[in-house]
1. Working only within region B:87-97, note down all residues that are assigned to a loop (DSSP other than H, G, I, E, B) and surrounded by 12 or more Cβ atoms within 10 Å (Cβ to Cβ).
2. What do you reckon, is residue B:426 in contact with a helix residue (DSSP H, G or I) (Cβ under 6 Å, 6 or more places away or on another chain), within 14 Å of chain A (Cβ to nearest Cβ), in a strand (DSSP E or B) and surrounded by 20 or more Cβ atoms within 10 Å (Cβ to Cβ)?
3. Take residue B:323 and decide whether it is surrounded by fewer than 21 Cβ atoms within 10 Å (Cβ to Cβ), under 16 Å from residue B:447 (Cβ atoms) and touching a strand residue (DSSP E or B) at 6+ places or on another chain (Cβ under 7 Å).
4. Among the numbered criteria (1) modelled with pLDDT of 90 or more; (2) within 13 Å of the chain's Cα centre (by Cα), which one does residue B:252 miss?
5. Collect the residues in region B:306-358 that are within 14 Å of another protein chain (Cβ to nearest Cβ) and assigned to a loop (DSSP other than H, G, I, E, B), keeping them in residue-number order.
6. Filter region B:408-417 down to the residues that are surrounded by 15 or more Cβ atoms within 10 Å (Cβ to Cβ) and farther than 22 Å from residue A:64 by Cβ, then identify the one that is farthest from the other protein chains (Cβ to nearest Cβ).
7. Tell me whether region B:361-370 contains one or more residues that are outside any loop (DSSP other than H, G, I, E, B) and under 40 Å from the mean Cα position of the chain (by Cα).
8. Pull up region A:23-48, narrow it to residues that are more than 14 Å from every other protein chain (Cβ to nearest Cβ) and in contact (Cβ under 8 Å) with a residue 12 or more places away in the chain, then point me to the one that is surrounded by the most Cβ atoms within 10 Å (Cβ to Cβ).
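The values are calculated or read from the model by the stated rules, or taken from the named source; none is laboratory data. Just so it is clear, the model here is predicted, and its values are computed rather than measured. Note that each Cβ is placed from the backbone with ideal geometry, even for glycine, and that neighbours are counted across all protein chains shown.
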């Protein structure tokens, strides 16, 4: 659920444990006119950031020392659209209940990011 | 009187006929039986014998009336006469297993011979060929000793699951002795969640044939749950069905499989990260190197090479982490061609998740020093020291980078990508801290990396 006020940009939660990639994606997402919440590579920090409300989430699955699953669960509970950022084989580490959520293959180009966010936010109420 | 005689005569004839018939029956029986039998009188003289007896004793019809001990025979026994006399004396049957010259085994029985009037009038000696039985017995014994000695668990149950055979390996693996296992339900070693499928297996066994292989779990006497690989063989014998489970504990193999999976996962993550790092570095290096393609090429190659060296080191350490000294050396040495650096610190292995961020930070410090700092002038020095410090709730690795003797330093006007990473990468990726200062005497950088007390992946 979006808590966005009219005229404000969508807030996109970005969870990615890799600094280089996270920075690159943050810049791309901001260039597309969204506001980035994060980025962060930690589940605990992502959950804290989430409490401020976001319109969509992009979640890296394997955060090295943990899986992103708790963040995905919280977004499900909040009925917030989100998709997974996957690389190679890490998608199969996710519990099966997430298999029908969108998966975006990393690394995403600018256009791919734009398309991904369009898809996620098209169902948004406002 | 005459009449009376005739009656007696007729009765006698009837009796003779009856005896004749009985005799004929007996003759037929003696001729046809496979059991070697010799009838002897109280003096152990031959009264009669069956045809089968001629295989053991060289008997001919004229031997009737001769002492048996005078007849040549192939029964390998120390004393044949003694037991016969003993039976005559005690009237107790005698039984023993004997062999003939060809190695066939016989069960030899000596019984008192009773006349119609229940008078003991000699002995009957019989030989039953038990070679087949003996062979089967010794074969069974052989199989049982093999089954006992094998390292594989062998458990044989009936279709109710009642254990009939339980070998030594079963005792060692599952903890129950044969006495505790045999006669009990095998379900005892099947974990709750697999009981239903176990019962189904038992129920479906009759009529089934051949062998099936599958993985299962077993609970030991101590309550430990083991992963086993099982081969089930269905045995049909005399109309009843038995199930033979040949099992091997693969718990350790499973654990090493899991470890390998974990390693693969880690490796996958690292490879993915490396590729995206390369992509991100390329992207950022292009943006920041501005106009000069040479600049890009040099910076980019330096970063990729640093990554490559660390990966090589990680893979040599089987992805278990890299020694700090080695990590510093790998990143600093290529830029310290004049031996201007000194490193100092205890032996310590950097956890694998912190290796790359730390290496990238050290690489950026090294290239910066080579371009603008202490390594750009012959009299410059770089000192790298590290130590483990106590930080609630665990410990942290503190690395201090200190340059001196180089050109006077002023803070950079624009922040390049390397500096961005240096300032924020450690914090972002390993939740550590970086204190970077451009002091006039030289760059100083203190990095602190928290160490997970639980031991990192």
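1. B:91, B:93
2. Working: in contact with a helix residue (DSSP H, G or I) (Cβ under 6 Å, 6 or more places away or on another chain): yes; within 14 Å of chain A (Cβ to nearest Cβ): yes; in a strand (DSSP E or B): no; surrounded by 20 or more Cβ atoms within 10 Å (Cβ to Cβ): yes.
Spelling it out, it is not the case that residue B:426 is in contact with a helix residue (DSSP H, G or I) (Cβ under 6 Å, 6 or more places away or on another chain), within 14 Å of chain A (Cβ to nearest Cβ), in a strand (DSSP E or B) and surrounded by 20 or more Cβ atoms within 10 Å (Cβ to Cβ).
3. Numbers: surrounded by fewer than 21 Cβ atoms within 10 Å (Cβ to Cβ): yes; under 16 Å from residue B:447 (Cβ atoms): no; touching a strand residue (DSSP E or B) at 6+ places or on another chain (Cβ under 7 Å): yes.
No: the conditions fail for residue B:323.
4. Condition (1) is where residue B:252 drops out.
5. Once the filter is applied, which keeps residues that are within 14 Å of another protein chain (Cβ to nearest Cβ) and assigned to a loop (DSSP other than H, G, I, E, B), region B:306-358 yields B:319, B:321, B:351.
6. Looking only at region B:408-417, we keep the residues that are surrounded by 15 or more Cβ atoms within 10 Å (Cβ to Cβ), and these are B:409, B:416-417.
Subsequent filtering for residues that are farther than 22 Å from residue A:64 by Cβ retains B:409, B:416.
Numbers: B:409: 25, B:416: 13 Å.
So, considering only residues that are surrounded by 15 or more Cβ atoms within 10 Å (Cβ to Cβ) and farther than 22 Å from residue A:64 by Cβ, the one farthest from the other protein chains (Cβ to nearest Cβ) is B:409.
7. Quick first cut of region B:361-370, residues outside any loop (DSSP other than H, G, I, E, B) only: B:361-370.
If we keep only those that are under 40 Å from the mean Cα position of the chain (by Cα) as well, we get none.
Checking region B:361-370: not a single residue is outside any loop (DSSP other than H, G, I, E, B) and under 40 Å from the mean Cα position of the chain (by Cα).
8. If we take residues in region A:23-48 being more than 14 Å from every other protein chain (Cβ to nearest Cβ) and in contact (Cβ under 8 Å) with a residue 12 or more places away in the chain, then A:29 is surrounded by the most Cβ atoms within 10 Å (Cβ to Cβ).
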